1. Kindly provide the set of residues from segment 131-166 that are surrounded by fewer than 16 Cβ atoms within 10 Å (Cβ to Cβ) and over 26 Å from SER612 (Cβ atoms), ordered by number.
2. Any idea how many residues of segment 411-442 are of a type outside the set (Gly, Ala, Ser) and either in contact with a Cys (Cβ under 6 Å, 6 or more places away or on another chain) or closer than 17 Å to TRP312 by Cβ (or both)?
3. Among the residues of segment 563-581, write down those that are farther than 21 Å from GLU489 by Cα and in contact with a Phe, Trp or Tyr (Cβ under 7 Å, 6 or more places away or on another chain).
4. Suppose we filter THR310, THR363, THR283 for residues that are β-branched (Val, Ile, Thr), touching a Phe, Trp or Tyr at 6+ places or on another chain (Cβ under 6 Å) and not in a strand (DSSP E or B); which single one remains?
5. Could you grab me the full set of residues in segment 445-458 that are in contact with a Ser or Thr (Cβ under 9 Å, 6 or more places away or on another chain) and open to solvent by 80 Å² or more (accessible area, probe 1.4 Å)?
6. Take GLY405 and tell me if it is assigned to a loop (DSSP other than H, G, I, E, B) and near the ligand (Cβ under 10 Å from one of its atoms).
7. Looking at segment 285-315 only, could you name the residues that are more than 13 Å from the ligand (Cβ to nearest atom) and open to solvent by less than 50 Å² (accessible area, probe 1.4 Å)?
8. Please find, within segment 575-614, the residue that is nearest to the ligand (Cβ to nearest atom) out of those that are in a loop (DSSP other than H, G, I, E, B), open to solvent by 10 Å² or more (accessible area, probe 1.4 Å) and hydrophobic (A, V, I, L, M, F, W, C).
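The values are calculated or read from the model by the stated rules, or taken from the named source; none is laboratory data. Please read all numbers here as calculations on a predicted model, not as lab measurements. Cβ coordinates were reconstructed from backbone atoms using ideal geometry, including for glycine residues, and neighbour counts include every protein chain displayed. Calculation scope for accessible area: heavy atoms of the full protein, side chains included, ligands and nucleic acids excluded. Shrake-Rupley method; radii C 1.70, N 1.55, O 1.52, S 1.80 Å.
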Amino acid sequence: MCGIIGYIGNQEAYPILIKGLHRLEYRGYDSAGVALINPNGQLNIYKNKGKVSQLEESIEGKDVSGNIGIAHTRWATHGEPNNVNAHPHYSNSGTLALIHNGIIENYALLKSGLIEKGCTFHSDTDTEVLVQLIDYIKTSGNHSLFDAVQLALNQVIGAYAIAILDRDDPDRIIIARKSSPLVIGIREEEDEYFFASDASPIVEYTNSVIYLQDNEIAIISRKEPLKVIDLKNVEKTPEVSRLEMSISQLERGDYPHFMLKEIFEQPKTIADCMKGRINTEGTNVVLSGIIDNKARFLSARRIIIVACGTSWHSALIGEHLIENLCRIPVEVEYASEFRYRDPIIYPDDIVIAISQSGETADTLAAIELSKQKGAFIYGICNVVGSSIARATDSGSYIHVGPEIGVASTKAFTGQVTVLAMLAMTLAKEKGTIKPNELTTMIKAFKKIPEQMELLLSANSQIQETAKIFTYARNFIYLGRGYSYPSALEGALKLKEISYIHAEGYPAAEMKHGPIALIDSEMPVIVIATNTKLYEKVLNNIQEVKARSGRVIAVVTEGDEDVRKLADYYIAIPKTMECFGPLLAAIPLQLLAYHIAVYKGKDVDQPRHLAKSVTVE
Ligand code: F6R
């Protein structure tokens, strides 16, 4: 949801900014721009509709000199994607350039106030109000840039990560955040600073970072040490953290797309996620976040899981796992609905927030609401140091490494893996699972990475099946029990990257309406693995076949009955029912991927989407 980056130091800023924008492009890609102050003190702003590569082409031959600059890649909220609405926005005085990630909720009011004072606006964005307001305060009140930023932000309602460049002060950049992430990278020995929406553009220059907190403003200067002051004018001592990320994790390598790389990484990411949590003998599971808060978990009246999108699908699997193993009631909520419906939350409830990015605005808001009502908040995140990871009382990282493809794949299986370990740890502590049952479970669980590896070797078979269905305009995905969330997730993967309409249903719900959609044109993907509802799913397949539907079944290896019925099948290795979604995810991801590739779609950056949804 917009990516921002900036640099100040002794190197040429432009190549660093452009490389950084490419790394951040997954956050938004409808337009991009850059602002630089050249050695003669001239402020050059270039911006362009389209992707970062189009910006680069449009800048060719122009002056991109300077060792201070800011850059932005946009996901439009207010104002269509075009050259004018692209960031950076510049002030009427011509001295300031500003980039922004977030939404200014009271922009209309601020804008009309500024227009009354004679300000002119050039774009349709909410962002422009920030630069004009700061400029107005600075020039009319004769304030320093820092004071003007602080005064302006005290009038602003909304979410922002901003950076401001001042032509009249080419040694300083001011940045600020509220509810949108900002990371500062420090390379002290070189007197260099980098900042960005996440650490991916920074990691190749330094491992020392500071995560700016809400309501903080940082003055990044080549002449003075970094200064962080909050909106109430209190000076802060920022905490320097070490990044644990490698560049190879951010690169595609030989894969044609990040999504395919990330699908193929899953045997490793799941093994990494289990590391240190399952003992080497495979006899014990310990999720430290649960053990550290054992009393709280043991006395929980109820668990509420809040999440969005794919993370919400993994939450549904978590509901099954926790209820089955721990006998604690679980409710799963869309964070965006939960936050606005005045939910009943008891102080002895536990709220689990699941988020790959750790920045999803609705999930963050649901956490804040639950906190106010006294619940204990547990986070399951991927991005270390993210806003959600910091807002929760405790939590577990999924440790799957940066996920760059916009469609979530390895984060989904990482989330399910953590939820399985959470349920097993808690069940052991509660005594709701017998020791021998736990040992059997852990044994099956430990086999998942190698079983995933096996499944990936069926890639070309799945690719062939995908080719047959590239023409389809609609798909139905069916599953029951643990496989129902898998059906939802399979359908989401397909629609978001191939733009084919797809719906996931609980298989038995078909006859209550959706069955009317079935005809010989309708591919129906059924997750019909060996579960306690297997026979019933078999009947559901019969119902589809009786209406000429074309069935692609995900079956357990060795299955003969579904195979005979289905038009196409993909076999997954045998595992326990509760771990089935970890394996079923792989063929569904691959099927969606190959269909999208056959259709010539932009798999890693599908239209209208952004990886990290930092606006509501
Ligand atoms: C789908 C997808 C989205 C995200 C959702 C929540 O492939 O990626 O549906 O799952 O936007 O994002 P996080 O998990 O970052 O909170």
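1. Step one: filter segment 131-166 for residues surrounded by fewer than 16 Cβ atoms within 10 Å (Cβ to Cβ), giving 139-142, 144, 147, 154-155, 157.
Within segment 131-166, THR139, SER140, GLY141, ASN142, SER144, ASP147, ASN154, GLN155 meet the criteria.
2. Step one: list which residues in segment 411-442 are of a type outside the set (Gly, Ala, Ser), which gives 412-413, 415-419, 421-422, 424-426, 428-430, 432-442.
Checking which are either in contact with a Cys (Cβ under 6 Å, 6 or more places away or on another chain) or closer than 17 Å to TRP312 by Cβ (or both) leaves us with 412-413, 415-419, 422, 426, 430, 432.
Final tally of qualifying residues: 11.
3. Selection gives ARG563 alone.
4. Numbers: THR363 fails: touching a Phe, Trp or Tyr at 6+ places or on another chain (Cβ under 6 Å); THR283 fails: touching a Phe, Trp or Tyr at 6+ places or on another chain (Cβ under 6 Å).
That would be THR310, the only listed residue that is β-branched (Val, Ile, Thr), touching a Phe, Trp or Tyr at 6+ places or on another chain (Cβ under 6 Å) and not in a strand (DSSP E or B).
5. Residue satisfying the conditions is LYS447 alone.
6. Numbers: assigned to a loop (DSSP other than H, G, I, E, B): yes; near the ligand (Cβ under 10 Å from one of its atoms): yes.
Yes: the conditions hold for GLY405.
7. To start, the set of residues in segment 285-315 that are more than 13 Å from the ligand (Cβ to nearest atom) comprises 285-304.
VAL285, LEU287, GLY289, ILE290, ASN293, PHE297, ALA300, ARG302, ILE303, ILE304, listed by residue number.
8. At the first step, the residues of segment 575-614 found to be in a loop (DSSP other than H, G, I, E, B) are 575-576, 599-614.
With the extra rule that they be open to solvent by 10 Å² or more (accessible area, probe 1.4 Å), the set shrinks to 575-576, 599-602, 604-605, 607-611, 613.
Pick out the ones that are also hydrophobic (A, V, I, L, M, F, W, C) and you get 576, 609-610, 613.
Details: MET576: 25, LEU609: 8, ALA610: 9, VAL613: 5 Å.
The residue in question is VAL613.
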